[in-house]
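Beneath this line is the structure, given in structure tokens, with notes to follow.
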Amino acid sequence: MIFETHAHYDDEQFTPDRGALLAALPEKGIGKIINVGASVATTRMTLALAEQYRHIYAAVGVHPGEIRDLDEDNFLWLKQQTTQGKVVAIGEIGLDYYWEKDPVVQETQRHWFRRQMALAKDADLPVIIHSRDAAADTMQIVSEAGNWSPSSDGCGVIHCYSYSAEQALQYIKLGYYIGVGGVVTFKNAKKLKETVQAIPLSRILLETDCPYMAPEPYRGKRNESSYLTYVAEKIAEIKEISPAEVEKATWENAIRLFSRAAS
Ligand code: NI
């Protein structure tokens, strides 16, 4: 069975067939799924999906591109959600300087990233971090937070990892896992393949980021969790092991990190 650690089934691309698709995933080998909030509205939808489906868990949080959503009232609301049993992480949170070039807004991103990291610590939950074109500042904020080990084994995951192999090893030292998805199947994904080769299997998590980032042979199409078999196959090829070993190890990794998803 595969543990899918990063999906956005709240996305409108799933509106026509969401129910049928989600109900069929366990038969396709997808045992557990974390649906990840990115704004207040999508966090609400995430919580509703987790309530409706036994195999879906929730991450609550606000993405750097959606921080206009955040004020003290909404932050308090987020905090209140962390006590719900199916909430397994704070995410996705972080920095995105690829889409945001304004230094004032980037400073606001750092503010809410720090606040949501602190929220995770208070709630004893791991974090799901989005970081794009913001390597140095992300590393700084993560380092400031330290290896704070919630009850789970690890502080969080660097989702859709896009930096160097060297930096991935640094994150692992700080108590983080590395999220690997469809990009690893792309021909030009040299850096990510090097990262997968360099890091231990015990620190890799499988994730789609669906509906985005579909692996080959579906690149450019709508992604879904069942396509993670292609990602597992590619990791297996790089690590020279079987896809079954990749699925088993990454399942165990996810249960260790997202300990509330164990039951
Ligand atoms: Ni995402």
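Bear in mind that the values in this text are calculations on the coordinates, not laboratory data. As the structure is a computational prediction, the values presented were derived from the model and not from experiment. Cβ placement follows ideal geometry from the backbone for every residue including glycine, while neighbour counts extend to all protein chains displayed.
When its C-alpha radius of gyration is set against 2.2 N^0.38 Å (N residues), region 33-77 gives a value of 1.16.
Per-residue Karplus couplings for region 234-244, computed as 6.51 cos²θ - 1.76 cosθ + 1.60 with θ equal to phi - 60°, are listed in order as 5, 5, 4, 4, 5, 8, 6, 9, 8, x, 4 Hz, Gly and Pro entered as x. By the beta-carbon count within 10 Å of each Cβ, the least crowded to most crowded order of Ile67, Ile93, fewest first, is Ile67, Ile93. Each listed q (0.18 Å⁻¹) maps to a log10 I(q)/I(0) for region 143-263, found by the Debye formula over equal Cα scatterers with no solvent: -0.92. Could you give me D for region 45-146, from Stokes-Einstein at 25 °C and 0.890 mPa s, where the hydrodynamic radius is the Kirkwood radius over C-alpha pairs? Units µm² s⁻¹, please. Estimated diffusion coefficient is 176 µm²/s. Note on Arg54 and Asp133: the model spin-label points, each 7 Å out from Cα along the C-beta direction, lie 4.5 nm apart. Coupling constants for region 168-176 follow from the phi torsions by the Karplus curve (6.51 cos²θ - 1.76 cosθ + 1.60, θ = phi - 60°), and in residue order they are 4, 5, 5, 4, 4, 4, 7, x, 10 Hz; glycine and proline get x. Pairwise Cα separations in the chain fall into 5 Å bins from 0 onward with the following percentages, short to long: 1, 6, 14, 19, 21, 18, 13, 6, 1, 0. Volume of the convex hull of region 100-189 (Cα atoms only), normalised per residue: 100 Å³.
Among the listed pairs Lys32/Lys173; Lys121/Lys239; Lys173/Lys193; Lys28/Lys187; Lys101/Lys190; Lys32/Lys248, a Cα-Cα separation exceeding 22 Å is found for Lys32/Lys173; Lys121/Lys239; Lys28/Lys187; Lys101/Lys190.
Scoring 249-257, 137-145 by mean Cβ neighbours within 10 Å over their residues and listing the highest first yields 249-257, 137-145. Close amide H contacts of Thr5 (hydrogens built in the peptide plane, cut-off under 5 Å, sequence separation of 5 or more or a different chain): Ile34, Leu206, Glu207, Thr208. Spin-label model, Thr83/Tyr212: points 7 Å from Cα along the beta carbon direction are separated by 3.4 nm. Highest-first packing order for the peptide set 157-166, 174-183 is 174-183, 157-166, based on the mean count of other beta carbon atoms within 10 Å.
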